[in-house]
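Okay, so here's the structure we're looking at.
The values are calculated or read from the model by the stated rules, or taken from the named source; none is laboratory data. Source: prediction; values computed, not measured. So basically every Cβ, Gly included, is an ideal-geometry build from the backbone, and we count neighbours across all protein chains shown. Ligands, DNA and RNA are excluded from the accessible area calculation, which covers all protein heavy atoms including side chains. Shrake-Rupley method; radii C 1.70, N 1.55, O 1.52, S 1.80 Å.
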Amino acid sequence: MLALNDLTIEKMQIQLADLGLKPYRVEQIFRWTASGADDWEQMSNVPLTLREKLSLQFLLRSVKIITKRQSRLDSTRKYLMQMHDGALVESVLMEYKHGFSACISTQVGCRMGCAFCASAQGGLERNLTPAEMLGQIVAMQNDADVRISNIVLMGMGEPLDNYANVLDFLHIINNHMGLNIGLRHISVSTCGLADKIRSLADEGVPICLSVSLHASTDEVRQRIMPVAKRFSLNEVLSACRFFSGKTGRRISFEYILIDGLNDSNDDAKRLARLVAGMPSHVNLIPANPCGDGKFSASNRVLEFRDRLMKLGVNTTIRRTLGSDISASCGQLRRQSLPSQPDIIA
């Protein structure tokens, strides 16, 4: 059965056409679903008879907070979320000077297999739907009693491996009848699916694109990122230039610094050449503990940054948030229901 809260306004208009509803009534229903309603009773201004009819034809997907953990180092909160079928994902709420940002998952697990990322452990279970992505944001907003103004699709999963659902989610979250979060306040991360980057450029959605490079040569990249065997650095960078040219948006290149693997002076020089001539910045990320412990954080982060900046590359070091609760980059993962959670939601 189709879930009504998975639908964009355009798709909802098509699905409800047979009911002969007036346009304002369809918009009324969409306002509820796009704002996070997951129960028919919440639609208080929709006639009961119509709600009953809709409930016979459509589902409403729900997202439930199972546990949350509060960092003792900062205000970061990590949530374990359960989907309608019992599938579990993790989401993170982060506080910045500009407001609150949500890091949400787009898949249950991940099949990209990056060696430094805990989300890849156990592979991919399934894709999340638009309603399940939206539900993570609404659940965190309600729990923390805050308004989330920025979203990063950097949790579990490869967003562009769930392309159609992510695209519908972007249209729903951006719609003025829903949460109305600007696309320029949404970052979509990818490990480098060059073909999907080009498709996203053609969609005309001016999101912030974050591309995981993590190496300055194809040889090293293939050792830690299986996707690199499918798309070379040249193919990824070409797609990024296409995206930037079509959208006018600057690209963020993510680069996890791993001790002795990709943190040499030569790596910095090669990286600078790769991104030259493109509106971009490099976001350096010290490797966080995860996986089998094979990789350790570089102790050359500041030196690497300074060298890139001398080479004319706009470079930042990602602020580490929630490291004590495994909420930092690469640490989100699939897990079972905890027997002794820190906080029961």
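Per-residue accessible area (protein heavy atoms, 1.4 Å probe) orders His171, His281, His214 as His171, His281, His214, starting from the largest.
With viscosity set to 1.306 mPa s and temperature to 10 °C, compute the Stokes-Einstein D of the chain, Rh being the Kirkwood radius across alpha carbon pairs; µm²/s, no decimals.
Stokes-Einstein gives a translational diffusion coefficient of 76 µm²/s.
The stretch 161-249 gives an Rg/Rh value of 1.02, both radii derived from C-alpha positions and Rh following Kirkwood. Computed about the Cα centre, the dipole magnitude for the stretch 1-112 is approximately 340 debye when only Lys and Arg (+1) and Asp and Glu (-1) carry charge, each at its Cβ.
The distance separating the Cα centre of the stretch 48-75 from that of the stretch 116-182 comes to 13 Å. Rounded to the nearest 10 degrees, the inclination of helix 194-203 to the longest alpha-carbon principal axis of the chain is 50 degrees.
Of the residues Leu2, Gly36, Tyr24, the one whose Cα sits farthest toward the positive end of the charge dipole of the stretch 1-108, with +1 on the Cβ of Lys and Arg and -1 on the Cβ of Asp and Glu, is Gly36. In this label model, Gln15 and Ser75 are separated by 3.6 nm, measuring between points 7 Å along each Cα→Cβ vector. Listed by chain and number, the lysines whose C-alpha is less than 25 Å from the C-alpha of Lys269, apart from same-chain residues fewer than 8 away, are Lys229, Lys310. Remark: the stretch 193-239 is approximated by an ellipsoid whose semi-axes, taken from the C-alpha gyration tensor as √(5λ), come to 22, 10, 8 Å, largest first.
The order of Leu271, Leu183 by accessible area, most exposed first and with a 1.4 Å probe, is Leu183, Leu271. Placing unit charges on the Cβ atoms only, positive for Lys and Arg and negative for Asp and Glu, gives the stretch 25-176 a dipole magnitude near 220 debye about its Cα centre.
If you stretched the chain out fully between Arg273 and Ile66, how much longer would it get, using 0.36 nm times the residue separation minus the C-alpha to C-alpha distance? Kindly include the intermediate steps, with their values, before the conclusion.
Numbers: separation 207, 0.36 × 207 = 74.52 nm, distance 4.59 nm.
Result for the pair: 69.9 nm of gain on full extension.
Relative to the longest principal axis of the Cα atoms of the chain, the long axis of helix 163-174 makes an angle of roughly 70 degrees.
Excluding Ala272 itself, calculate the net charge of residues whose Cβ lies under 10 Å from the Cβ of Ala272, where each Lys or Arg counts +1 and each Asp or Glu counts -1. Walk me through the numbers on the way to the answer.
Working: positive: Lys269, Arg270, Arg273, Arg307, Lys310; negative: Asp267.
Net charge in that neighbourhood comes out at +4.
With both labels modelled 7 Å from their Cα along Cα-to-Cβ, the Arg25 to Lys229 distance reads 5.6 nm.
Net charge in the neighbourhood of Leu237 (other residues with Cβ under 13 Å of its Cβ; Lys, Arg +1, Asp, Glu -1) is +3. Between Gln57 and Lys310, the FRET efficiency from the beta-carbon distance, with R0 = 56 Å, is close to 0.35. Selection among Gln82, Val92, Ile104 by position relative to the dipole of the stretch 41-116 gives Val92 as farthest towards the positive end (Cβ unit charges, Cα centre). Placing unit charges on the Cβ atoms of the charged side chains and taking the dipole of the chain about its Cα centre, the candidate lying farthest along the positive direction among Leu311, Leu261, Cys208 is Leu311. For Lys64, a cut-off of 30 angstrom between C-alpha atoms picks up these lysines, skipping any fewer than 8 places away in its own chain: Lys11, Lys53, Lys78, Lys97. Our estimate of slack between Asp145 and Asp218, defined as 0.36 nm per intervening residue step minus the Cα-Cα distance, is 21.8 nm.
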